[in-house]
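First up is the structure itself, then whatever we jot down about it.
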Amino acid sequence: MTTTLNPVPQRKPFKPGRSRKARAWKALARAPLSAWFGLVVVATYVVVAAFAPQIAPYGEAQVFPEPFAPWSPEFILGTDQLGRDVLTRLIYGARNTLGIAVVTTALSFFFGVSLGLVAALFKGWVDQVLSRSVDIVLSIPGLIFSLMLLAIFGSNIWSLILIIAVLDSTNFYRLARTSGLSVASMEFIEAARLRGEHSSWIVFREILPNILPPLVAEAGLRFCFVFLTISALSFLGVGIQPPTADWGSMVRENATLITYGDITPLLPAAAIGLLTVAVNFVVDWFLHNLSGIKNGH
């Protein structure tokens with residue numbers, strides 16, 4: 001008598017990418033209204049910044065004969081003190097201000113996290129030298145320090161990016177150092193050292209993955225501060241220089257219209273405020289998910 005054995009069912013290979021996508025969509029579906037509002041606003045700003053030349057009705061520095069022209073079908077939001085279309089400047093301002101803020105935040109993240117991990121891994125005099133240097137930088141008000149350095153090195157885009165990135169990297173350094181020290185003292189790090197793993201392997205394979213989520217959340221918050229700092233410096237006249245469009249300088253250039261009851265200067269200020277609120281909503285939702293706190297509703 002022969003028996004037929006049922007074939008063992010083959011298990012489908014695990015695809016981590018599909019699982020991550022499923023978790024991401026599930027998290028988005030359960031996101032609160034404030035997070036959706038923030039995501040939609042941020043996505044809108046990104047699209048406007050990416051396609052500014054196609055969306056804007058005129059050129060970024062194109063000048064028309066009538067300065068301070070009222071709102072009309074030709075100039076939907078009027079013109080500024082030189083006769084440039086305000087709507088066009090707002091659209092290009094999204095590209096310039098956001099682009100510079102993103103690059104500055106990325107450099108700040110790289111500088112701060114790299115030095116913080118070095119301090120956490122090697123400790124000793126390396127940690128002391130880096131930490132005391134950061135304390136010195138933090139003891140000086142950031143805006144005043146930025147104004148002083150820009151006066152020394154000149155108000156150009158690359159000086160603006162590097163100065164703000166270096167000054168703001170102190171916040172990433174402190175978070176990366178504190179988080180890295182707590183992880184570096186754990187047993188699996190000692191086990192990696194006993195196995196003879198290199199310091200770079202320990203940093204990128206053991207320490208960094210365990211501290212990356214709070215660092216990403218901090219990057220979102222620091223982006224808001226960098227964005228506001230660039231706008232403030234441009235408002236003071238030492239940030240992004242004309243004819244490059246920038247929301248901070250647009251507020252300064254059209255400020256006289258407020259005395260005549262014209263709300264045009266408030267439009268770039270509203271664009272700054274809306275983006276700041278939206279990014280904070282998204283970061284708050286991200287931190288909420290990271291903490292594991294669940295609503296009881």
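The values are calculated or read from the model by the stated rules, or taken from the named source; none is laboratory data. It should be emphasised that the depicted structure is a prediction, and the values quoted were computed from it without experimental measurement. Quick reminder, even Gly has a Cβ in these numbers, built from the backbone with ideal geometry, and neighbours come from all protein chains shown. Accessible surface is based on the protein model in full, side chains and every heavy atom, while ligands, DNA and RNA are left aside. Shrake-Rupley method; radii C 1.70, N 1.55, O 1.52, S 1.80 Å.
Taken together, 147, 107, 175 contain a single residue that is open to solvent by 30 Å² or more (accessible area, probe 1.4 Å), at pLDDT 90 or above, closer than 20 Å to residue 223 by Cα and out of contact with any Pro (no Cβ under 7 Å at 6 or more places or on another chain), which is 107.
Cβ-Cβ distance below 7 Å, separation of 6 or more or different chains: which pairs start in region 123-141 with a residue that is touching a residue at least 24 places away in the same chain (Cβ under 8 Å) and end on one that is part of a helix (DSSP H, G or I) and among the hydroxyl-bearing types (Ser, Thr, Tyr)? Matching pairs, first to second residue: 134/170; 134/173; 137/170; 138/170.
Within region 246-261, the set of residues being open to solvent by 50 Å² or more (accessible area, probe 1.4 Å) and at negative phi comprises 252, 256, 258, 259, 260. Put simply, of 133, 108, 159, 146 the only residue that is under 18 Å from the mean Cα position of the chain (by Cα) and either under 20 Å from residue 249 (Cβ atoms) or among the small types (Gly, Ala, Ser) (or both) is 108.
Take the conditions polar (S, T, N, Q), out of contact with any helix residue (DSSP H, G or I) (no Cβ under 8 Å at 6 or more places or on another chain) and either open to solvent by less than 50 Å² (accessible area, probe 1.4 Å) or at pLDDT 90 or above (or both) and apply them to residue 10. Does it pass? Walk me through it before giving the result.
On the way: polar (S, T, N, Q): yes; out of contact with any helix residue (DSSP H, G or I) (no Cβ under 8 Å at 6 or more places or on another chain): yes; either open to solvent by less than 50 Å² (accessible area, probe 1.4 Å) or at pLDDT 90 or above (or both): no.
No; evaluated as a whole, the condition is false for this residue.
So, residue 238, is that one over 16 Å from residue 86 (Cβ atoms), of a type in the set (A, V, I, L, M) and not in a helix (DSSP H, G or I) or not? It is true that residue 238 is over 16 Å from residue 86 (Cβ atoms), of a type in the set (A, V, I, L, M) and not in a helix (DSSP H, G or I). Starting from residues that are open to solvent by 10 Å² or more (accessible area, probe 1.4 Å) and among the hydrophobic types (A, V, I, L, M, F, W, C), keep the ones in region 231-245 and report whichever is nearest to the chain's Cα centre (by Cα). If we take residues in region 231-245 being open to solvent by 10 Å² or more (accessible area, probe 1.4 Å) and among the hydrophobic types (A, V, I, L, M, F, W, C), then 232 is nearest to the chain's Cα centre (by Cα).
Kindly indicate whether residue 251 is assigned to a helix (DSSP H, G or I), touching a Pro at 6+ places or on another chain (Cβ under 7 Å), modelled with pLDDT of 85 or more and β-branched (Val, Ile, Thr). Judged against the criteria, residue 251 is a match.
Yes or no, residue by residue, for (1) modelled with pLDDT under 85; (2) closer than 22 Å to residue 229 by Cα; (3) not in a loop (DSSP other than H, G, I, E, B):
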position	(1), (2), (3)
263	no, no, no
286	yes, no, yes
289	yes, no, yes
295	yes, no, no
